[in-house]
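Bear in mind that the values in this text are calculations on the coordinates, not laboratory data. Here the structure is a predicted model, which is why all the values come from computation and not from measurement. Reconstructed Cβ throughout: ideal geometry from the backbone, glycine too, with neighbour counts over all protein chains shown.
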């Protein structure tokens, strides 16, 4: 069983994704785990969705370029970000955040997100 369940609803359907915690940013991961479940209307920036989370965490092993499927906390905006492809900041096909993020989990299969159009409602909860 996965550590997390992420539900993305775009108005026409609901996509359920499984994610597992990483060890990249353990202090940030703990704060997010304590805040779960989190949900809200997410904004889209390229192939990234981001939603507000009620935590405050500074940079922790933060980086701008992340792997496809990364779930990361953006310290500059207190947002949880889900990356599945290039963003306007990308140089090529890699996912790139607007500024460094703390990666806390990874989704193994994000292929269903390629059909998401516009913003979406996102819910992140324990698996």
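Ignoring everything except DSSP H segments at least 4 long, calculate the 222 nm mean residue ellipticity for the chain; use -39,500 (n - 2.57) per segment, divide by total residues, nearest 500.
Calculated from helices alone, the mean residue ellipticity at 222 nm is -2500 deg cm²/dmol.
Under a point spin-label approximation (7 Å from Cα along Cα-to-Cβ), what is the residue 108-residue 34 distance to one decimal in nm?
3.0 nm
When the chain is modelled as a GNM with alpha-carbon springs shorter than 10 Å, which of 105, 89, 97 fluctuates the most?
89
Going 7 Å from the Cα of residue 65 toward and past its Cβ, which residues in region 89-109 have a backbone nitrogen under 12 Å from where you end up?
So the set is 90-97.
Taking a spot 7 Å from the Cα of residue 94 along the direction of its beta carbon, which residues of region 57-71 have an amide N less than 17 Å from it?
61-71
From the list (1) 235; (2) 148; (3) 89, can you say which value of volume of the Cα convex hull per residue in Å³ was derived from the structure given?
(3)
Tell me, what is the Rg over Rh of region 1-73, with Rh the Kirkwood radius over Cα pairs?
Result for region 1-73 is an Rg/Rh of 0.93.
Give, as ranges by residue number, the residues of region 28-58 whose backbone N falls under 17 Å from the point 7 Å along Cα→Cβ of residue 13.
No residue passes the distance filter.
Does region 54-119 come out rounded, prolate or oblate by the C-alpha gyration tensor, with a ≥ b ≥ c the root eigenvalues, rounded set by a/c under 1.5 and, if not, prolate when a/b is larger than b/c and oblate if not?
Details: a/c = 1.72, a/b = 1.47, b/c = 1.17.
Here region 54-119 falls in the prolate category.
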